[in-house]
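Notes for the one structure printed next.
The values are calculated or read from the model by the stated rules, or taken from the named source; none is laboratory data. Just so it is clear, the model here is predicted, and its values are computed rather than measured. FYI the Cβ positions are ideal-geometry reconstructions off the backbone, even for glycines, and counts take in every protein chain you see.
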Amino acid sequence: MWKRIASLSPLVSSSKSTLPNQASYGLNIWKSLSTGICTPVRYGNLLKEKTPFITFVLGGPGSGKGTQCIKIAQTFGFTHLSAGDLLRREILSNSEDGTMILNTIKEGKIVPSEVTVKLIKKEMESSENYKFLIDGFPRSEENRIAFERIIGAEPNVVLFFDCPEEEMVKRVLNRNEGRVDDNIDTIKKRLKVFSSLNLPVIGYYSKRGKLRTINAVGTVDEIFEQVRAVFTECEAMK
Ligand SMILES: Nc1ncnc2c1ncn2[C@@H]1O[C@H](COP(=O)(O)OP(=O)(O)O)[C@@H](O)[C@H]1O
Ligand SMILES: O=c1ccn([C@@H]2O[C@H](COP(=O)(O)OP(=O)(O)O)[C@@H](O)[C@H]2O)c(=O)[nH]1
Ligand SMILES: [Mg+2]
């Protein structure tokens, strides 16, 4: 009944098929990661002491993005920015967008790009770190384009947690965090939105050689070993 998401789109290729591009790409990004720049630099619209290193973390609902981001942040010193968490925090803060955001999340739809990018930008600007994991964003081509326009930057690397729908549904229904969107009706809507709007973004980064696909089935530690290999492999190229 449930399909493996990646198989729905011919745009999504395996990590191996994009390796040559990623290898040469990795060389540059890790060189900048290791050397950094000592005086403040303008990177797009951000002013930072070092050139920012941006990782987008994508995958369907329940694919394990948040779980793995916590481990990546701990192991590799990234600042973890979950777009969903930033939006939920905005609801709780009684901001003027709160009701709109809540209704959008309940429907499993995507919050207007300007709202989400503004929240991400604020976090990036106020952080002293220059390594960012942006979890659960961009969810659509429109999101992606708004990020490029407003932040003035592209990701250095994009992780995609590839998980069968059946497994994602099981995990979300067991998540137990009291989320308004973790119910079967909203999950079905979120999976449709993921296929129609997020897979094109994944395809875009695959074509640009930035995508690293992770098999998201297995234990948390098994999956993290694949993630570790992505970062370690890139680091070895510097
Ligand atoms: N590899 C895994 N195997 C089983 N359950 C997992 C795994 N990774 C995460 N989970 C659990 O699945 C649920 C969804 O994980 P989460 O990291 O929140 O996913 P996402 O951020 O992609 O929606 C959580 O309850 C989490 O504890
Ligand atoms: O960039 C984003 C990130 C999240 N959301 C909304 O927030 C919900 C929950 O997102 P989150 O990333 O927390 O869900 P996950 O994929 O981790 O289950 C999504 O379904 C969307 O409605 C959004 O509109 N834009
Ligand atoms: Mg999450």
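Filter the stretch 166-178 for residues that are within 14 Å of ligand 3 (Cβ to nearest atom) and touching a residue at least 24 places away in the same chain (Cβ under 8 Å) and give the result.
If the condition is that a residue be within 14 Å of ligand 3 (Cβ to nearest atom) and touching a residue at least 24 places away in the same chain (Cβ under 8 Å), then Met168, Arg171, Val172, Arg175 are the ones that fit.
For the stretch 151-194, name all the residues that are closer than 20 Å to Leu133 by Cα and buried (at least 17 other Cβ atoms within 10 Å of the Cβ).
Result: Ile151, Ala153, Pro155, Asn156, Val157, Val158, Leu159, Phe160, Phe161, Asp162, Cys163, Phe194.
Go through the stretch 45-143 and tell me which strands (runs of 3 or more DSSP E), entirely inside it, have 3 or more residues that are in contact with a helix residue (DSSP H, G or I) (Cβ under 8 Å, 6 or more places away or on another chain).
By residue number, 53-59, 79-82, 131-135.
Residue pairs, Cβ under 6 Å, 6 or more apart or interchain, first in the stretch 212-228 and crowded, with 19+ Cβ neighbours inside 10 Å, second part of a helix (DSSP H, G or I) and at pLDDT below 95. List them.
Listed pairs, sorted by first residue: Arg212/Val230.
Condition first: among the aromatic types (Phe, Trp, Tyr), under 12 Å from Leu159 (Cβ atoms), touching a helix residue (DSSP H, G or I) at 6+ places or on another chain (Cβ under 7 Å) and at pLDDT 95 or above. Now tell me which residues in the stretch 183-238 satisfy that.
Start the filter on the stretch 183-238 by keeping residues that are among the aromatic types (Phe, Trp, Tyr), which leaves 194, 204-205, 224, 231.
Still in the running and under 12 Å from Leu159 (Cβ atoms): 205, 224, 231.
Then keep just the ones that are touching a helix residue (DSSP H, G or I) at 6+ places or on another chain (Cβ under 7 Å); that gives 224, 231.
Selection gives Phe224 alone.
Being away from ligand 1 (no atom under 15 Å from the Cβ), under 14 Å from the mean Cα position of the chain (by Cα) and either of a type in the set (Val, Ile, Thr) or assigned to a helix (DSSP H, G or I) (or both), is that true of even one residue in the stretch 169-189?
no
Quick check on my filter: what residues within the stretch 111-139 are buried (at least 20 other Cβ atoms within 10 Å of the Cβ) and over 23 Å from Ile70 (Cα atoms)?
If the condition is that a residue be buried (at least 20 other Cβ atoms within 10 Å of the Cβ) and over 23 Å from Ile70 (Cα atoms), then Val111, Ser113 are the ones that fit.
Restrict the check to the stretch 140-148 and report whether at least one residue is within 16 Å of ligand 3 (Cβ to nearest atom), buried (at least 19 other Cβ atoms within 10 Å of the Cβ) and within 16 Å of the chain's Cα centre (by Cα). Steps first, answer last, please.
At the first step, the residues of the stretch 140-148 found to be within 16 Å of ligand 3 (Cβ to nearest atom) are 143.
Of the ones still in play, those that are also buried (at least 19 other Cβ atoms within 10 Å of the Cβ) are 143.
Now restrict to residues that are within 16 Å of the chain's Cα centre (by Cα): 143.
Yes; the residues of the stretch 140-148 include at least one that is within 16 Å of ligand 3 (Cβ to nearest atom), buried (at least 19 other Cβ atoms within 10 Å of the Cβ) and within 16 Å of the chain's Cα centre (by Cα).
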